[in-house]
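Nothing in this text is a laboratory measurement; each read-out follows from the coordinates by a stated rule. These figures come from a predicted structure and were not determined experimentally. Because the Cβ atoms are built from the backbone with ideal geometry, glycine has one as well, and the counts that use them run over all protein chains shown.
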Amino acid sequence: MKTIILFGANGSGKDTQAKKIVVEYQATWLNSSDIIKKHSNDVSDVHVMASGEPVSCKKVFGYFVAEFQSTNQPDVVTVVTGLPRTPAQATMITELLHGHFGDLTSLHEKLCIIEIQASFDVIKDRCAKRFAEQGRPDDYPDKVEKRLEFYKNNISTILNFFRGVGVEIHTIDGNRTPDEVFESIRQVAGLSTLE
């Protein structure tokens with residue numbers, strides 16, 4: 001079954017869309033923040049996340065491998081958010097999925113990469129609203145800008161890496177309503193064929 005990696009800056013709508021895919025298709029959702037909280041015994045990892053900084057690349061990947069291997073099922077869609085955040089993680093995840101799917105042809109067919117792009121104004125508004133409602137420390141204004149800068153500095157290299165191994169990158173306008181974005185994801189990921 002297909003593995004979908006959703007990219008997007010903090011506030012672009014990745015988690016909202018992942019939740020919709022889980023509800024609609026009974027998918028497995030692997031979210032980096034949840035994985036770190038579940039597997040890490042190091043309290044400092046949670047503090048690092050709250051500061052807007054990335055947790056150690058190898059440490060996060062180790063947690064991801066454990067979660068992927070324990071939850072992945074051949075007939076269930078898997079959605080990944082929050083990873084990879086660095087080119088090194090992109091390399092490691094590709095090697096993991098390559099080994100899991102067996103060959104590059106299967107990797108191209110079963111891996112769908114989507115970047116949800118939203119304007120900075122939209123991102124700031126969404127994060128401000130979420131901060132007011134949920135109090136997430138990484139939604140504080142200075143943390144939002146720090147995370148957006150980190151994302152901008154890494155995303156091109158990450159996406160170019162996937163292009164280099166022959167995986168198509170789908171770009172979706174995240175400034176629209178959640179339902180409109182979800183419909184676009186359904187189409188490009190081929191999820192509509194599962195209904």
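Brief remarks follow.
- Selection status of Lys146, among the basic types (Lys, Arg), surrounded by fewer than 16 Cβ atoms within 10 Å (Cβ to Cβ) and either touching a residue at least 60 places away in the same chain (Cβ under 8 Å) or assigned to a helix (DSSP H, G or I) (or both): no
- Residues of segment 74-88 satisfying the condition of being in contact (Cβ under 8 Å) with a residue 60 or more places away in the chain and part of a helix (DSSP H, G or I): Pro87
- Qualifying residue in segment 84-95 (condition: more than 24 Å from Ile155 (Cβ to Cβ) and surrounded by fewer than 21 Cβ atoms within 10 Å (Cβ to Cβ)): no
- Just one of the numbered conditions (1) in contact with a helix residue (DSSP H, G or I) (Cβ under 7 Å, 6 or more places away or on another chain); (2) within 20 Å of Ser119 (Cβ to Cβ); (3) buried (at least 18 other Cβ atoms within 10 Å of the Cβ) is not true of Phe162: (2).
- Arg85 touching a Lys or Arg at 6+ places or on another chain (Cβ under 9 Å) and basic (Lys, Arg): no
- Leading residue by the ranking (nearest to Leu107 (Cα to Cα)) among those in segment 175-185 that are in a helix (DSSP H, G or I) and free of Cβ contacts under 8 Å to residues at least 60 places away in the same chain: Ser184
- Just one residue in the set Lys129, Lys152, Lys124 is assigned to a helix (DSSP H, G or I) and over 19 Å from Thr16 (Cβ atoms); that residue is Lys152.
- Residues in segment 21-40 that are outside any helix (DSSP H, G or I) and either exposed (fewer than 15 other Cβ atoms within 10 Å of the Cβ) or of a type in the set (Phe, Trp, Tyr) (or both): Gln26, Trp29.
- Within segment 154-174, residues that are more than 15 Å from Lys110 (Cα to Cα) sit with their Cβ atoms under 7 Å from residues that are among the polar types (S, T, N, Q) and part of a helix (DSSP H, G or I), at 6+ positions apart or across chains, in these pairs: Phe161/Thr91; Ile172/Ser184.
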